[in-house]
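Inspection log for the structure reproduced underneath, given as structure tokens.
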Amino acid sequence: MAVLVVSGGLSSAGAETLHIVATTSDLASLARSVAGDLAQVDVLIPPGADPEVFEPRPSDVTKLKDAAVVVRVGLGFDHWLDKLLIMHGDASINRRGAGYVDASAGIPLLEVKGRSLDPSGADGHAHGLANPHYWLDPANAEAITAAIAGALGAVAPASKEKIREQRTAYLAELTRSLARWEGMLAPYRGAKLVAYHNTWPYFARSFRLDIVDVIESKEGVTPSPARLAKLASIIRAQGVRVILHEPFEPDDASLLLARRTGATVLKLAPSVGSAPEAVDYASLFDHDVAALATALSASAN
Ligand SMILES: [Zn+2]
């Protein structure tokens, strides 16, 4: 009886398995969908951790070993990758290398600031050039996967056609899912929300929601009592019923505002792996859209 054995860097198709390294779980999930069994995909930021305070250890450079493709968020979000790439030294995955993917390159960005700003931001937080949370609009998966497929095709030209087919099939499925998600949130079009961190502008634009304010006075800075009083009056005046909160952020300010105003605090997953149900890119939206629809439905009664 024939037994198919997969080992030693060979995929089931017999071709050499590529090694892809992504900075975030979201980009890793999209890379897996495009690459299928052609590649093994690793992620640098541990899923569930706050990506904007992550700092790699020097030993993380070993995770780049044999990497044919690296995929990053860009816009300063994962600025620390530059240090690892320089330590690693391989020109093919450094900037301008065939295997280097800055996934922000083809994205219509929101909250774009002057290009003269330091992309890593003065305080180490990372909304330097534009809002970096662009993976939270499912329509942006098209540009992200195009960039990943382009680099994969360049480093493995023999697999170009298979990569193209896998990407097309994945995007078709995602488009069907997007129609379903839009339907679930359609009754809440224009719903006013407050968020703890400025994570959701792409998500809000995609699903026609209105983020009226952000609790953090700037990225990583907890609000003052005066700011909290102002936020409470905004929440009451605008009829905000739901406060969006990231699982890894301190929640005392959000809970205090909820107590003062009667709004509900809803923890949404900003990335794959930050809620147990969000195991990949599509289930991230399955989880967030269902949780938000439920919270908005309950608060409407
Ligand atoms: Zn952020």
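Read the figures in this text as sums done on the coordinates, not as results from a lab. What you see is a predicted model; the values in this text were computed from it and never measured. Positions of Cβ are backbone-derived with ideal geometry, glycine not excepted, and every protein chain shown enters the neighbour counts.
Points worth noting:
- With q set to 0.21, 0.30, 0.31 Å⁻¹, the log10 of I(q)/I(0) for region 173-217, from the Debye formula over equal scatterers at the Cα positions, is -0.70, -1.04, -1.07.
- Cα-based Lys pair tally, the chain, threshold under 28 Å, eight or more apart or on separate chains: 17
- Principal axis box of region 14-111, alpha-carbon based, largest edge first, Å: 44, 31, 29
- Total charge dipole magnitude, region 164-268, about the Cα centre, Cβ charges on Lys, Arg, Asp, Glu only, Debye to nearest 20: 380
- Antiparallel content of DSSP bridges confined to region 146-301, in %, to 5: 10
- Summary of packing: across the peptides 70-78, 266-274, 210-218, the per-residue average of other C-beta atoms within 10 Å ranks them, highest first, as 70-78, 266-274, 210-218.
- Dipole check for the chain: with +1 at the C-beta of Lys and Arg, -1 at the C-beta of Asp and Glu, and the Cα centre as origin, the magnitude is about 740 Debye.
- Note on the chain: antiparallel DSSP beta bridges, both residues inside, total approximately 10 percent of the bridges counted.
- Peptides 155-163, 42-50 ordered by average Cβ neighbours within 10 Å, highest first: 42-50, 155-163
- Peptides ranked, highest mean first, by Cβ atoms within 10 Å: ranges 186-193, 129-136, 140-147: 129-136, 140-147, 186-193
- The 3J(HN,Hα) values that the Karplus relation (6.51, -1.76, 1.60; θ = phi - 60°) gives for region 46-56 are, in residue order, x, x, x, 7, 6, x, 8, 10, 5, 10, x Hz. Gly and Pro appear as x.
- Signed unit charges on C-beta, dipole axis of region 72-206, positive-most listed residue LEU193, SER92, ALA172: ALA172
- Its residue count N fixes a reference of 2.2 N^0.38 Å for the chain, and the Cα radius of gyration divided by that reference is 1.06.
- P(r) tail fraction, region 192-291 - alpha-carbon pairs more than 16 Å apart, %: 54
- Put simply, the amide H of VAL265, placed in the peptide plane, has neighbours under 5 Å in ILE243, leaving out anything fewer than 5 places away on its chain.
- On Cα atoms only, tilt of 160-185 relative to the major axis of the chain in degrees: 10
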